[in-house]
Amino acid sequence: MSEITLDGLEKRYGETTAVEDVSVEIEDGELLCLLGPSGSGKSTTLRMIAGLETPTNGSIAIGDEDVTDLPAYERTTSTVFQDWALFPHMTVLENVAFGLKMGGVSKDERRDRAREMLERVQMAAHADEDPTTLSGGQKQRVALARSLAVNPDVLLLDEPLSNLDKRLREDMQIELREIHEDLEKTFVHVTHDQDEAFTLADRIGIMNDGELIQVGDPDEVYERPENRFIEGFLGDTNFVDASVTAATADGVRVDTELDAELVVTAADGTTPDLETGTDLTLSLRPEILSIHGVDEERADDAGVRDARVAADGGTRNAVTGTVENVVYRGSTVRYSVSVGNSSMFAERTDASTGALSAGDDVRLEWDGDDVLAFRDDGDRVMP
Amino acid sequence: MSSTLHRERLEDVAFRAGYAAVLAFLLLPLVVVVVTSFSKAGRIAFPPESYSLVWYGEFLQSARWIGAFVNSLVVGVGTALLATLLGVLGAFGQELEADAGGDGIVGAVLVPIVLLPLLVPPVILGITLLLYFNEVGLRGSYTSIVLAHTLWATPLVYFVMRSVFSRFDWQQLDAAHDLGAGPVRSFVHVVLPNVKHGIFVGGLLAFIISLQEFVMALFLSTPSTETIPVLAWTEIRQALDPMVSVVSTFLIVISVAAIALAALVTNLEWVSRQLS
């Protein structure tokens, strides 16, 4: 069994704390993505699991064994590095065979196993080449083969795809996923790219400022982020400052910088007990907003609209505004809309229906229970 | 526009010419030494009245000169080995320390101490070491001169290795550890092959330093361990014959050959990198 248990892991460099109190259980055979912006401590955490950094505090166990004080060369982990770190003075084959050589495998056997690994990553044809002559994608494959050749219990991937171009990166994500399913080993993958994390991960651990804020299934962290940082990090959204005017069983009424009173409802009918005047931040993701053009006549009485009850029982909210600019983004069209003193954006997937252009008056609508609300300390309060 | 360009070119030519003149002026004595070594007469005169290889013959027949030559080689090789070992380890240790997060004992204490001998006048070092080696019973041994020269050569090897290591991709060391290579094996299999040319150049530098060093060797050597510069100095005081020029020519040739070798090695490395 090779589940990994991190307990109260901490890494300080002098005054700065790179990783703070990270505790998580990574299950055997799981692919966990550590996702966070640069400097969030995710690579340091990975390097501590590899044994390449010594934790200041806390412990690391792989299976039943406490490996906290075990040096990297005695751990059953293997790392694919961001810049791949291939040995330039060895051929591709020698690179892949290096770990086996260190493990005392005989010359013939390690050559056969290295070839096997190179075939697995479709690099057998390059076995005798100098690794410095390879392209980024090829280096990445060789690095992967080199790490897999030692048959590690845990494979650690430190942003190995971040130096590849988009197309290649997406292909490699699928391939990594397949290799993971094939090997049934524990993988820990570090990335700052949320798309990559969603493509690869069984579970995602979100890191920020050295802390592991939330660990959960991809849909869980996306739909129920624990705090405002995660909501902002996992995709584009409209953050709207709001202030509670009334909290009732039907929902929370808020006053907003959109010059409109809106209602936030919880789908399960539970409304938190919020005092009047509590400051909140609402998150309105572009995919929950629908955008419609408003006719000239109706634009006069537009300006501000209050919430009204929608037909499905949920509370429908609407505001009106003016299109500021239109950005064509291939599969979607993004509209920036000025609403009140603020500005929001919405998207349409189909550009052909009712093309809107800058200057048009529009109405934005959404369901009150699709909105997430965060307290000013960042914690999510609704839903 | 074109006049500025013209002026710039003129300045460039003038600068190069001036630079070449200074260099020529500094190197001219070497030419004089080499030319006088081919003199036939018994006294050094420039230009010599007639040319011959007679003094080269004298040199090869002189047991004392050959002995000094061997002494210099022994001390030079000893210094090169010891200074390279210390310089490489010092620079490597400091890199490891920096990699592990900031300056520790190596960077803060050891390195300044290692650099200190460069700042102490060699006469003072020579006298001090003479007293010290007398106490510990190393007087007149090869070891004493090797240790003295190592004091000087180590910081220079250290500087060379700092620059070599700064170009080394330290992630390779991580990768080696990660793949199961312990500290010694990762150094031998991964670090060493990547910096071997730098180590070679550092070693040559240490060898040349030792070959040329005179003051400390004068204090520390005995007739059985005297090096070429020491013997040359002794001889000059007795007679200014072209033998000194012959010996100097040998020293110049060896130094130039060593530098050429170092340049060749680094250039080969550079060429192979360009080709790959």
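The values are calculated or read from the model by the stated rules, or taken from the named source; none is laboratory data. Values in this document were obtained by computation on a predicted structure and should not be read as measured data. Neighbour counts run over all protein chains shown; Cβ positions are idealised from the backbone, glycine included.
For the reader, a short list of remarks on this structure follows.
- Taking every residue in the stretch A:32-47 that is within 14 Å of another protein chain (Cβ to nearest Cβ) and pairing it with any residue that is not charged (D, E, K, R), at least 6 positions away or on another chain, the pairs with Cβ-Cβ distances below 7 Å are A:Ser43/A:Val190; A:Thr44/A:Ala18; A:Thr44/A:Val19; A:Leu46/A:Leu34; A:Leu46/A:Leu156; A:Leu46/A:Val188; A:Leu46/A:Val190.
- Restricting the first member to the stretch A:330-348 and to residues that are among the aromatic types (Phe, Trp, Tyr), and the second to residues that are part of a loop (DSSP other than H, G, I, E, B), the beta-carbon pairs closer than 8 Å and six or more apart or on different chains are A:Tyr335/A:Leu356; A:Phe345/A:Asp236.
- Scanning the stretch A:59-76 for residues that are of a type outside the set (Val, Ile, Thr), in contact with an Asp or Glu (Cβ under 6 Å, 6 or more places away or on another chain) and within 13 Å of another protein chain (Cβ to nearest Cβ) yields a single hit, A:Ala72.
- Evaluating A:Ser40 against the criteria (1) within 18 Å of A:Val188 (Cβ to Cβ); (2) loosely packed, with under 15 Cβ neighbours inside 10 Å; (3) touching a Gly at 6+ places or on another chain (Cβ under 8 Å); (4) of a type outside the set (A, V, I, L, M, F, W, C) leaves one unmet condition, (2).
- Of the residues making up the stretch A:41-94, those that are part of a strand (DSSP E or B), within 29 Å of A:Ala127 (Cα to Cα) and polar (S, T, N, Q) number 3.
- Boolean, B:Thr266 is assigned to a helix (DSSP H, G or I) and either in contact (Cβ under 8 Å) with a residue 24 or more places away in the chain or within 14 Å of chain A (Cβ to nearest Cβ) (or both): yes
- Every test in (1) within 14 Å of chain A (Cβ to nearest Cβ); (2) closer than 26 Å to B:Val77 by Cβ; (3) under 25 Å from the mean Cα position of the chain (by Cα) is passed by B:Arg167 save one, and that test is (2).
- Scanning the stretch B:247-256 for residues that are modelled with pLDDT of 85 or more and loosely packed, with under 12 Cβ neighbours inside 10 Å turns up at least one hit.
- For the stretch A:264-277, the condition of being more than 20 Å from A:Arg224 (Cβ to Cβ), over 25 Å from the mean Cα position of the chain (by Cα) and surrounded by 14 or more Cβ atoms within 10 Å (Cβ to Cβ) holds for none of the residues.
- Scope the stretch B:130-165; condition hydroxyl-bearing (Ser, Thr, Tyr) and part of a helix (DSSP H, G or I); matching residues: B:Tyr132, B:Tyr142, B:Thr143, B:Ser144, B:Thr150, B:Thr154, B:Tyr158, B:Ser163
- Every condition in (1) of a type in the set (A, V, I, L, M, F, W, C); (2) without any contact (Cβ under 8 Å) to a residue 40 or more places away in the chain; (3) closer than 23 Å to A:Thr191 by Cβ is met by A:Leu157 except one, and the failing one is (2).
- Matching residues in the stretch A:122-143 - criterion: being part of a loop (DSSP other than H, G, I, E, B), among the polar types (S, T, N, Q) and touching a residue at least 12 places away in the same chain (Cβ under 8 Å): A:Gln122
- Residue match in the stretch B:205-215 (condition: out of contact with any Gly (no Cβ under 6 Å at 6 or more places or on another chain), acidic (Asp, Glu) and closer than 18 Å to B:Ile44 by Cα): no
- Strands (runs of 3 or more DSSP E) wholly inside the stretch A:144-252 that include at least 3 residues being of a type in the set (Gly, Ala, Ser): A:238-248
- Criterion (modelled with pLDDT under 95, more than 28 Å from the chain's Cα centre (by Cα) and in the same structural domain as A:Phe229 (by TED's automatic domain parsing)) met by exactly one of A:Glu25, A:Glu20, A:Glu53, A:Glu74: A:Glu74
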